[in-house]
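The values are calculated or read from the model by the stated rules, or taken from the named source; none is laboratory data. All values derive from a computational prediction rather than experimental measurement. Every residue, glycine as well, gets a Cβ built from its backbone with ideal geometry; the counts of neighbours run over all protein chains shown. These accessible areas exclude ligands, DNA and RNA; they are computed on the full protein's heavy atoms, side chains included. Shrake-Rupley method; radii C 1.70, N 1.55, O 1.52, S 1.80 Å.
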Amino acid sequence: ISPKIGLLKVYLPGEMYDYENSESKKVIDSLQRTFNAIETLRRTAAKPEAHEFDLAQLIKDILAEENKYKVNEITEGVQPCIIKSDKNILSLALANGIRNAIESICMHSGTENDLTICWGASVEENWVSIIDTGMGLADTAEAAFKIGNTNKQNHTGFGMAIIQQAVETLGGIVSLSNIDSGGGKLDLRWGNF
């Protein structure tokens, strides 16, 4: 179905007057975002492949790509932090978690706009904590992980489900909570391969 929606995006602007400002464009864009999210969710459920890589560098690379709004970044962790896991699946979880935190900070009108990311590894497990000074959870943590649940316009509500599926595929767990000073904390923990 996704290629058919792509064709609609190609043909409609030429066949429809004022397509760029139309409700049709909004619906097509929404469908495209939904299909992209479904594809990402499918990739998180793939069988993981173990490779050694630097978790600290992966986090820095994702921050460089996702922090378009230039929120204040605070990073803390072992450098380098060589782990053995599936880098592609973990990247999907981290990118969604970091993006969500940055968007939460940008939607919040507080005086601080800090994004703190901590990480580490032990013999038994690896972990990443993403802490933001954003708006925090509007509902329960369980509700946040349900597909389609979002408080942001033009979002599919798949982000947290993608994070959860990715980390579970890696044999781990995810938790989400409000923090007392304001904002939210996302913890990802998964075992070594």
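Below is a table of values for the structure above.
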| read-out | value |
| --- | --- |
| Subset tally (residues that are in a strand (DSSP E or B) and open to solvent by 80 Å² or more (accessible area, probe 1.4 Å)) for region 49-59 | 2 |
| Some residue of region 21-35 being in a helix (DSSP H, G or I), among the β-branched types (Val, Ile, Thr), without any contact (Cβ under 8 Å) to a residue 12 or more places away in the chain and out of contact with any Lys or Arg (no Cβ under 7 Å at 6 or more places or on another chain) | yes |
| Extreme residue, least open to solvent (accessible area, probe 1.4 Å), among residues of region 156-188 that are under 15 Å from the mean Cα position of the chain (by Cα) and of a type in the set (D, E, K, R) | Asp187 |
| Extreme residue, modelled with the lowest pLDDT, among residues of region 115-135 that are open to solvent by 20 Å² or more (accessible area, probe 1.4 Å) and within 13 Å of Ile179 (Cα to Cα) | Met135 |
| Extreme residue, surrounded by the fewest Cβ atoms within 10 Å (Cβ to Cβ), among residues of region 73-86 that are in contact with a His (Cβ under 8 Å, 6 or more places away or on another chain) and assigned to a strand (DSSP E or B) | Lys84 |
| Close pairs (6 angstrom Cβ cut-off, 6 or more residues apart or separate chains): acidic (Asp, Glu) in region 166-193, open to solvent by less than 60 Å² (accessible area, probe 1.4 Å) anywhere | Asp187/Ser129; Asp187/Ser175 |
| Within region 101-114, considering residues that are open to solvent by 20 Å² or more (accessible area, probe 1.4 Å) and part of a helix (DSSP H, G or I), the one farthest from Leu58 (Cα to Cα) | Met107 |
| Any chance Ser104 is within 17 Å of Asp187 (Cβ to Cβ) and modelled with pLDDT under 90 | yes |
| Answer from Ile62, Ile98, Ile89 - the residue that is open to solvent by 10 Å² or more (accessible area, probe 1.4 Å) and assigned to a helix (DSSP H, G or I) | Ile62 |
